[in-house]
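Colleague: Dropping a structure here in structure tokens format, bear with me for questions.
The values are calculated or read from the model by the stated rules, or taken from the named source; none is laboratory data. Keep in mind that this is a model prediction, so the values were computed, not measured. Glycine also receives a Cβ, built like all others from the backbone with ideal geometry; neighbour counts cover every protein chain displayed. Just so you know, the surface numbers come from the protein's heavy atoms only, side chains and all, with ligands and any DNA or RNA stripped out. Shrake-Rupley method; radii C 1.70, N 1.55, O 1.52, S 1.80 Å.
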Amino acid sequence: TNVDYVSYPFGLYDGDTLAAMANLGMRNGRTTRTFNNLSPLASPYELGQRYVNRGTALSTVQGWVSSAIARQEVLVLTFHDIETAPSEDGWYIDRFQSLVDYCIQQGIPFLTMDDLYRLQTGSITIPATSSPATRTPTPTRTRTPTPSRTPTMALTLTLTSTRTVTQTPSRMPTM
């Protein structure tokens, strides 16, 4: 089985790991380092992320989103479980739903890790617009090359869990 994307266990990786990923033709690697990403990605094997857990306020995550919008960055959010009664590493369903609603209101596209890779290779683009009300909320698949910097913010949600989500948010956009 081919594996294109990895989330480093406990954030552990080194130069040998990065070389092995390149040799295997892997596409992206998510670290536990906390930062937003610029597009094009400086190092696709060292994606920064923001970790969301039970103690993370909705307003904090909305602030990360707003900052990424203002700076035209790609924000990767990591969730371990999303439940009505989450573990210490999880987040609440109602907060997650409010975050999704907020992002939709802002016109922010949701990307999978594969979409993020394809954004870098030019096989999809995210149309730029001047106001959140008119932003296209999903990527447009094209064969045109991407500009040197993606003209709008994108949000990649990473759910890493062996738990079952007890309820799916009702308004989550699909690709």
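Colleague: Every residue in the stretch 32-45 that is surrounded by 17 or more Cβ atoms within 10 Å (Cβ to Cβ) and farther than 23 Å from ALA70 by Cβ, please. Please lay out each step first, then the result.
Modeller: The initial filter retains those residues of the stretch 32-45 that are surrounded by 17 or more Cβ atoms within 10 Å (Cβ to Cβ), namely 36-37, 39, 41, 44-45.
Across the stretch 32-45, the qualifying residues are PRO44, TYR45.
To keep it simple, each residue is scored yes or no on (1) part of a loop (DSSP other than H, G, I, E, B); (2) closer than 15 Å to PHE79 by Cβ.
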{"site": "ASP16", "(1), (2)": "no, no"}
{"site": "MET21", "(1), (2)": "no, no"}
{"site": "THR32", "(1), (2)": "no, yes"}
{"site": "TYR45", "(1), (2)": "yes, no"}
{"site": "GLY48", "(1), (2)": "no, no"}
{"site": "TYR51", "(1), (2)": "no, yes"}
{"site": "THR60", "(1), (2)": "no, yes"}
{"site": "TRP64", "(1), (2)": "no, yes"}
{"site": "SER67", "(1), (2)": "no, no"}
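Colleague: Conditions first: (1) open to solvent by less than 30 Å² (accessible area, probe 1.4 Å); (2) modelled with pLDDT under 90. GLN72 passes all but one, so which condition is the exception?
Modeller: (1)
Colleague: Just to be sure before I move on: is PRO137 under 30 Å from ALA57 (Cβ atoms), open to solvent by 50 Å² or more (accessible area, probe 1.4 Å), at pLDDT below 85 and part of a loop (DSSP other than H, G, I, E, B) in the structure I sent?
Modeller: When the stated conditions are applied, PRO137 passes them.
Colleague: Right, next: Condition check: within 14 Å of the chain's Cα centre (by Cα) and either surrounded by fewer than 18 Cβ atoms within 10 Å (Cβ to Cβ) or farther than 29 Å from VAL3 by Cα (or both). Does THR60 satisfy that?
Modeller: Against the criterion (within 14 Å of the chain's Cα centre (by Cα) and either surrounded by fewer than 18 Cβ atoms within 10 Å (Cβ to Cβ) or farther than 29 Å from VAL3 by Cα (or both)), THR60 does not qualify.
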